[in-house]
Amino acid sequence: MPSSPSWTLLHWQEQGQAHSAWWRTDSSMSPPRRVETADDSLSADTAYRKACEGTALLWRGDFHNARQLLQALGRRLDKKPKARKPGSAAAQAAAFPHAFHLYRQAQAQRARVLSSLMIELDAQWHCALRRAPDWSMACREAWGELPAGDVQRVVVPLRELMGALGAHEWRKKGVELTLPGIDGMRIHPHYGVFSPVRGEYLDLVARAPLPAALRASDACAWDIGVGTGVLSALLLHRGVHQVVGTDLSERALDCARSNLSRLGLSARATLCRADLFPEGRAALVVCNPPWLPGKASSVLEQAVYDEDSRMLRGFLQGLAGHLLPQGEGWLILSDLAEHLQLRSREQLLAWIAAAGLRVLGREDIRPRHGKSMDAADPLHAARGAEVTSLWRLGVA
């Protein structure tokens, strides 16, 4: 999945003088048109009003106070509306598409408001604000170096700066996975690469029967959309001789390369930049595409939203031409889109049939993540009914 970081010049007036800096974001948001400087004298209510009106706030006060202000903005956004009495099951199901649209609108508004609080950094990613920590390493890991040129300052939303720090900590500590037959596997996500914190789909890959075609000594499996490399590592731990992982994101390929090296699996893994399939055929082709149709508004959302189901349909349409005899394709997919009425089961089965494929079997599992049990979540009814499946597909 491609990532498209944005480097755009931001211009503003401060104390009667014109200023410029790079505007850095991994979201689809454009640079703010109205910029005001702000400091510790600004109240949270005023900041919230200005942010909702579209004014960005370039912080010149104490760094810790900026973090507290960001939290205060979040609390104002999180105020829950009065709960409505639930209707019938049919009425709730009919309301899902509208509820999902409102949910996406609310998420976009939240991102815009929280991103209005901005921090200026120098070319080495240092912040000159009072009590500002040195997060330059986290910034460099996330964003690299500034573009060449005369402008040697950069402005980033504090929300994204905090995200870079969080990603740095994830990268250091890693995510420990508990999988049948595998002890102590730890995956270290990088910034902008989706973390395997929701691990039920890994259980499916750990227990699904491997196809007979993999018994050949030179048999290979492909991991389409390799991400952190967790599925490649899992297949190799299960005894697959060789894995080829593909991705369009250089961040993902670097992340997978680092994880496979850390796990001592590099000699049996090949990584390449490709849109879905590499050349040739494989005994097993695994794909865990984004589960929801929709347009991603940030790099991380590209792991969740697949506009027009492009990756899902592309995988299905190309799979038959890339499988060896007795080979299988494993499609890992949640049915949340079906419960939200964004895609039907009949549509998915029609895509499978039209691609010259047949269903050999299916492994199902219920989600374990917190949102599936959060009654306050606006999509709780759909999440509570969600099932994640591993579809075993073969050539018809």
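Applying 1/(1 + (r/R0)^6) with R0 = 45 Å to the Cβ-Cβ distance of Ala385 and Arg34 gives a FRET efficiency near 0.55.
Tell me, what is the percent relative contact order of the stretch 184-337, built from C-alpha pairs under 8 Å that lie six or more residues apart?
Contact order relative to length: 24 percent.
Could you work out the relative contact order of the stretch 228-268, using alpha carbon pairs under 8 angstrom and six or more residues apart, expressed as a whole percent? Once normalised by length, the contact order is 52 percent.
Residues of the stretch 221-253 with an amide N closer than 20 Å to a point placed 7 Å from the Cα of Ser261 along the Cα-to-Cβ direction: 226-234, 236-237, 243-253. Once the 1.4 Å probe is applied to the protein heavy atoms, the stretch 158-200 comes out at 47 Å² accessible per residue. Packing, taken as the mean count of other beta carbons within 10 Å per residue, orders the peptides 229-238, 7-16, 264-273 from highest to lowest as 229-238, 264-273, 7-16. Highest GNM mean-square fluctuation, the chain, Cα pairs closer than 10 Å: which of Trp222, Trp135, Trp330? Taking springs between Cα atoms under 10 Å, the residue moving most is Trp135. Bridge orientation summary for the chain: considering DSSP beta bridges with both residues in this region, about 50 percent are antiparallel. Considering helices alone, the calculated mean residue ellipticity of the chain at 222 nm is -10000 deg cm²/dmol, with DSSP H runs of length four and up weighted by -39500 (n - 2.57) and normalised per residue. Here the accessible area of the stretch 243-396 is 50 percent carbon and sulfur, with a 1.4 angstrom probe and all protein chains present. Extension gain for Gln105 to Asp254 (0.36 nm times residue separation, less C-alpha to C-alpha distance): 50.4 nm. Residues in the stretch 212-247 near a label at Gln326, defined as backbone nitrogen under 11 Å from the 7 Å Cα→Cβ point? In the stretch 212-247, the label zone of Gln326 (backbone N under 11 Å from the point 7 Å along Cα→Cβ) covers 212-217. Compared with the dominant Cα axis of the chain, that is its longest principal axis, helix 63-77 is turned about 70°.
Would you please give the FRET efficiency between Ala72 and Arg310, computed as 1/(1 + (r/R0)^6) with r the Cβ-Cβ distance and R0 = 45 Å, to the nearest 0.05? Don't skip to the answer; put the middle values down first.
Numbers: r = 39 Å, r/R0 = 0.87.
That pair, Ala72 with Arg310, gives E of 0.70.
Projecting the Cα atoms of Pro180, Ala256, Ala213 onto the charge dipole of the stretch 157-286 (Cβ charges, centred on the Cα centre) puts Pro180 farthest toward the positive pole. Remark: spin-label model distance Arg366-Lys295 equals 3.7 nm, labels positioned 7 Å along the Cα→Cβ axis.
Can you tell me the length gained on complete extension of the stretch Glu141 to His237, counting 0.36 nm per residue apart and subtracting the Cα distance? Mind dumping the intermediate values first?
On the way: separation 96, 0.36 × 96 = 34.56 nm, distance 2.87 nm.
Separation in residues times 0.36 nm, less the Cα-Cα distance, equals 31.7 nm.
The dipole here belongs to the chain: it is taken about the Cα centre, uses +1 on the Cβ of Lys and Arg and -1 on the Cβ of Asp and Glu, and is about 900 debye. Annotation: for a label point projected 7 angstrom from Cα along Cα→Cβ of Arg281, residues of the stretch 199-223 with backbone N closer than 15 Å are 212-216, 218-222. Relative contact order for the chain: 13 percent, from Cα pairs under 8 Å spaced at least 6 residues apart, divided by residue count. A Förster radius of 25 Å, combined with the Cβ-Cβ distance separating Glu53 from Gln15, puts the computed FRET efficiency at roughly 0.65.
Quick one: Cα centre-to-centre distance for the stretch 203-245 and the stretch 258-337, in angstrom? Cα centres, the stretch 203-245 to the stretch 258-337: 12 Å. If the chain linking Arg268 and His64 were pulled fully straight, counting 0.36 nm for each residue of separation and taking away their Cα-Cα distance, it would gain 68.8 nm.
Across the chain, Cα-Cα pairs more than 28 Å apart make up 53 percent of the total.
Angle check, please: helix 345-354 long axis (alpha carbons) against the longest principal axis of the chain (alpha carbons), in degrees 0 to 90, nearest 10. The angle comes out at about 60 degrees.
The values are calculated or read from the model by the stated rules, or taken from the named source; none is laboratory data. Just so we're clear, the structure is a prediction, and the values are computed from it rather than from any experiment. Cβ: placed from backbone, ideal geometry, glycine included. Neighbour counts: every protein chain shown. The accessibility values were calculated without ligands, DNA or RNA, using every heavy atom of the protein model including side chains. Shrake-Rupley method; radii C 1.70, N 1.55, O 1.52, S 1.80 Å.
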